[in-house]
Amino acid sequence: MGFFARGEEEDAEQAESRARIERGGIPTRAEERLRALGTDGSLFTSGLSVNEFALLDRLGPRPLAQVMGASVIRTGWQFLPPLEPGKLFFSSSSPYAPLPTPTGRALQNLYTEPSLSQVRNYRWRTPVVCELDTLTAAWNMARRRALDRLWEEALQVGADAVVGVHLHRGDHDLGKGTVEYVVSGTAIRLPDSTGTSMPLLTDVSGQEYWRLHNSGHEPVGFVANTTVVFASPPLDARVRRLRTTSRNQELEELSRGFHAARDAVRAGLLAQVADARGTGAVGVEFSHSVHREKLALGSSIVSTSARGWHLGRLGLPYRVTGGSDVERRGWVITMHAAGTAIRTLRDPARPSVKTALRMGTR
Amino acid sequence: MTDYDPQSLEGIPQSGLERLEQNREGLYTSDLSVNEFLLVTEAGFDPVGLVVGSSIFHIGFQVAGPTTSCELTVLSQAMYSARHLAMTRMEEEADQLGADGIVGVRLEIGRYEWGQNMAEFIAIGTAVKHRDGVLHRAPNGRPFQSDLSGQEFWTLLRTGHRPVGMVMGSCVYHVGRRGPLRTISQTGRNVELPNYTQALYDARELAMQRMQSEAQELEAEGIVGVSLSETSHGWGSHVIEFFALGTAIVPTGARTAIEPPIPVLDLNDP
């Protein structure tokens with residue numbers, strides 16, 4: 001079957017496509033196919049259901065092509081935020097003891113590694129609720145790149161908008177610690193367009209687009225955000241919970257963690273809505289996943305250049321070993337949100353809604 | 001695929017022929033719901049019978065180097081030909097009933113315990129015929145197939161289009177692993193894995209291209225309701241099947257614009 005045969009010049013094309021992907025673009029073959037779909041009178045492909053197709057047909061826009069974007073990101077190392085640098089205390093009999101100050105004899109910021117007591121305290125007493133920046137950045141980067149490719153494809157077919165953008169978090173087990181996004185949607189062109197405008201992304205369906213349009217609103221962009229938060233109880237809380245396991249009790253750090261995650265996601269969405277010059281966002285959907293993980297504490301000195309012997313402020317030599325092997329077990333909360341930013345046009349029409357009561361059995 | 005003879009009935013067993021003979025006498029079966037039935041009838045079509053096609057296929061195997069990203073043509077062909085066989089058999093049944101086409105086609109893959117590398121591909125749908133004998137077949141003379149429900153069929157006819165066939169494209173792709181040197185050199189940072197991204201893109205490109213060329217063969221104006229699915233039918237995590245399925249449509253010219261919809265709030269409890 002010639003249908004399935006692969007040509008000779010495949011390798012050169014593959015290399016070219018690879019270079020384009022590394023620059024954040026789309027492969028050559030996809031670009032060629034989409035260009036062809038963008039010309040007048042050519043075939044169209046669309047992921048629109050027939051109902052959406054009919055509504056859009058009535059409204060004017062016509063579908064051009066189904067567009068997609070994909071990105072697979074391998075996440076970097078994730079550490080917990082470092083402890084504050086340890087404080088150095090002097091006994092009053094020490095020859096190096098400074099003069100007493102109104103705040104006491106402690107000197108700030110002499111020693112760049114957490115002290116043993118700090119580490120012990122951290123392990124036993126401090127609840128940790130913090131954002132995991134590397135993982136957050138990985139999710140946002142994967143989605144950003146996938147959406148950029150989708151946008152690039154829409155640009156190639158000369159679309160005015162992409163409706164029904166669907167985010168799909170990949171679940172292929174392509175390797176440890178990979179984050180994968182596949183986004184797809186249908187590129188449409190408005191009736192009197194030149195095909196040279198910047199495409200607009202939105203996750204509303206054809207029906208929702210129709211309703212928004214009719215009531216005087218217009219979608220201005222797709223907004224999405226992800227935040228990853230780590231919540232871990234200290235050892236003493238865990239011991240306490242084990243002892244009082246028959247009692248009802250709140251898991252404070254988890255509650256705080258979820259709250260922090262929602263807050264951060266919402267703040268990110270708001271910023272994106274403002275960037276898109278929208279007046280609000282509709283259809284925002286939250287989803288989250290929680291799994292347990294053990295994370296190590298990032299030392300305050302991640303770079304190797306800080307390791308070794310140094311001279312302190314008083315001429316005291318001190319050594320930075322870089323090894324504070326503290327690990328915390330806890331929950332990693334990954335919170336995603338996606339929606340469409342809309343802008344209210346000057347004169348929003350009030351839609352007249354009829355109510356209906358079906359008399360059937362269901 | 002070889003050239004198809006529209007009169008051919010070779011894929012259908014004897015008992016099937018008898019059942020179809022009964023259907024032709026006026027009795028029909030259909031898996032349309034009552035609402036679908038009413039709408040299909042309103043659109044000027046009558047159901048003539050439930051048609052099925054099935055094919056049990058032995059899927060061969062293919063080995064790809066661990067770090068190469070490539071299409072697994074043996075598996076691709078298996079998935080493609082098996083679905084094609086099932087759909088063609090269904091079409092032959094519809095043809096024997098003298099139907100114009102098939103609506104509500106469902107394509108399913110069944111796996112059984114008694115066959116390790118076997119899969120049953122089943123296509124089920126309801127054959128319909130135009131009441132006044134207006135020919136609605138595809139340009140090549142075969143009955144059209146569509147996965148549209150009765151409601152969607154009605155709406156589509158209202159927009160001045162009609163289905164001409166179900167088009168599909170499938171591609172089984174092996175996503176190469178990364179070499180160890182590359183893995184080590186990139187540790188610690190968030191990096192994109194271009195070979196995985198490219199593999200996903202390639203697989204989709206091949207599937208979409210195949211679907212498009214099928215639609216072009218049918219001289220379609222476009223394809224609606226494309227569903228893209230990625231599955232790995234138990235072939236391991238690095239082998240994925242990209243499957244695109246949609247309905248090719250052509251304009252009929254008989255365009256009756258749908259009435260402006262009225263927003264309705266349903267007061268029934270869900």
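For segment A:32-39, indicate whether the set of residues that are polar (S, T, N, Q) and modelled with pLDDT of 80 or more is non-empty. No, every residue in segment A:32-39 fails to be polar (S, T, N, Q) and modelled with pLDDT of 80 or more.
Scanning segment B:203-230 for residues that are under 19 Å from residue B:161 (Cβ atoms) and outside any strand (DSSP E or B) yields B:211, B:212, B:214, B:215, B:216, B:217, B:218, B:219, B:220, B:221. For segment B:68-82, the count of residues that are among the acidic types (Asp, Glu) and within 11 Å of chain A (Cβ to nearest Cβ) is at least one.
Pairs linking a residue in segment B:85-98 that is within 16 Å of residue B:25 (Cβ to Cβ) to a residue that is in a loop (DSSP other than H, G, I, E, B), with Cβ atoms under 7 Å and 6 or more positions apart or on different chains, are B:93/B:12; B:96/B:9. With respect to (1) among the charged types (D, E, K, R); (2) assigned to a strand (DSSP E or B); (3) within 25 Å of residue B:205 (Cα to Cα), the lone exception for residue B:120 is condition (3). Checking each residue in segment B:233-253 for being within 27 Å of residue A:24 (Cβ to Cβ) and at the interface with chain A (Cβ under 9 Å from one of its Cβ atoms) picks out B:237, B:238, B:240, B:244.
Taken together, A:149, A:243, A:247 contain a single residue that is at pLDDT below 90 and out of contact with any Ser or Thr (no Cβ under 6 Å at 6 or more places or on another chain), which is A:247.
For segment A:58-90, filtering for residues that are at pLDDT below 80 and either acidic (Asp, Glu) or part of a strand (DSSP E or B) (or both) leaves 2.
Taking (1) closer than 30 Å to residue B:141 by Cβ; (2) more than 10 Å from every other protein chain (Cβ to nearest Cβ) in turn, residue B:227 satisfies each apart from (2). From the list B:78, B:99, B:64, the lone residue that is buried (at least 20 other Cβ atoms within 10 Å of the Cβ) and either in contact with a Gly (Cβ under 7 Å, 6 or more places away or on another chain) or more than 18 Å from residue B:17 (Cβ to Cβ) (or both) is B:78.
Restricting segment B:187-206 to residues that are at pLDDT below 80 and at the interface with another protein chain (Cβ under 7 Å from one of its Cβ atoms) leaves a set whose member that is nearest to residue A:73 (Cα to Cα) is B:189. Hey, any hits in segment B:170-178 for a residue that's charged (D, E, K, R), more than 25 Å from residue B:107 (Cβ to Cβ) and within 11 Å of chain A (Cβ to nearest Cβ)? Looking for residues that are charged (D, E, K, R), more than 25 Å from residue B:107 (Cβ to Cβ) and within 11 Å of chain A (Cβ to nearest Cβ), one finds at least one in segment B:170-178, hence yes. Within segment A:38-76, being surrounded by 24 or more Cβ atoms within 10 Å (Cβ to Cβ) and within 13 Å of residue A:155 (Cα to Cα) holds for A:64, A:65, A:66, A:67, A:68, A:69.
Scanning segment A:248-258 for residues that are touching a strand residue (DSSP E or B) at 6+ places or on another chain (Cβ under 9 Å) and either over 20 Å from residue A:130 (Cβ atoms) or exposed (fewer than 13 other Cβ atoms within 10 Å of the Cβ) (or both) gives a single hit, A:255.
In the condition set (1) out of contact with any Asp or Glu (no Cβ under 7 Å at 6 or more places or on another chain); (2) more than 27 Å from residue A:263 (Cβ to Cβ); (3) of a type outside the set (Ser, Thr, Tyr); (4) surrounded by fewer than 22 Cβ atoms within 10 Å (Cβ to Cβ), residue A:190 is compliant with all but (1). Looking at this structure, is residue A:3 at the interface with chain B (Cβ under 8 Å from one of its Cβ atoms), modelled with pLDDT under 80, within 24 Å of residue B:227 (Cα to Cα) and assigned to a helix (DSSP H, G or I)? So residue A:3 passes the test. Would you confirm whether or not segment B:32-40 contains a residue that is under 22 Å from residue B:139 (Cβ atoms) and either at pLDDT 80 or above or hydroxyl-bearing (Ser, Thr, Tyr) (or both)? No.
Pairing residues of segment B:148-169 that are farther than 15 Å from residue A:52 by Cα and within 11 Å of another protein chain (Cβ to nearest Cβ) with residues that are crowded, with 23+ Cβ neighbours inside 10 Å and not aliphatic (A, V, I, L, M), at Cβ distances under 6 Å and at least 6 apart in sequence or on separate chains, gives B:163/B:144; B:163/B:146; B:163/B:247; B:167/B:246. Within segment A:271-289, the set of residues being surrounded by 15 or more Cβ atoms within 10 Å (Cβ to Cβ) and either under 17 Å from the mean Cα position of the chain (by Cα) or not in a strand (DSSP E or B) (or both) comprises A:272, A:273, A:276, A:278, A:284, A:288.
Condition check for residue B:218 on (1) surrounded by 13 or more Cβ atoms within 10 Å (Cβ to Cβ); (2) in contact with a Ser or Thr (Cβ under 9 Å, 6 or more places away or on another chain); (3) within 29 Å of residue B:160 (Cα to Cα); (4) more than 9 Å from chain A (Cβ to nearest Cβ): one failure, at (2).
Of all residues in segment A:32-54, which are assigned to a loop (DSSP other than H, G, I, E, B), facing chain B (nearest Cβ under 7 Å) and more than 14 Å from residue B:156 (Cβ to Cβ)? Before the answer, list the steps.
First, pick out the residues of segment A:32-54 that are assigned to a loop (DSSP other than H, G, I, E, B): A:39-43, A:46-49.
Narrowing further to those that are facing chain B (nearest Cβ under 7 Å): A:43, A:46-49.
Selection gives A:43, A:47.
Of the residues screened, residue A:163 is not one that is surrounded by 18 or more Cβ atoms within 10 Å (Cβ to Cβ) and either over 30 Å from residue A:23 (Cβ atoms) or at pLDDT below 75 (or both).
The values are calculated or read from the model by the stated rules, or taken from the named source; none is laboratory data. Just so you know, these numbers come straight off a predicted model, no measurement behind them. Positions of Cβ are backbone-derived with ideal geometry, glycine not excepted, and every protein chain shown enters the neighbour counts.
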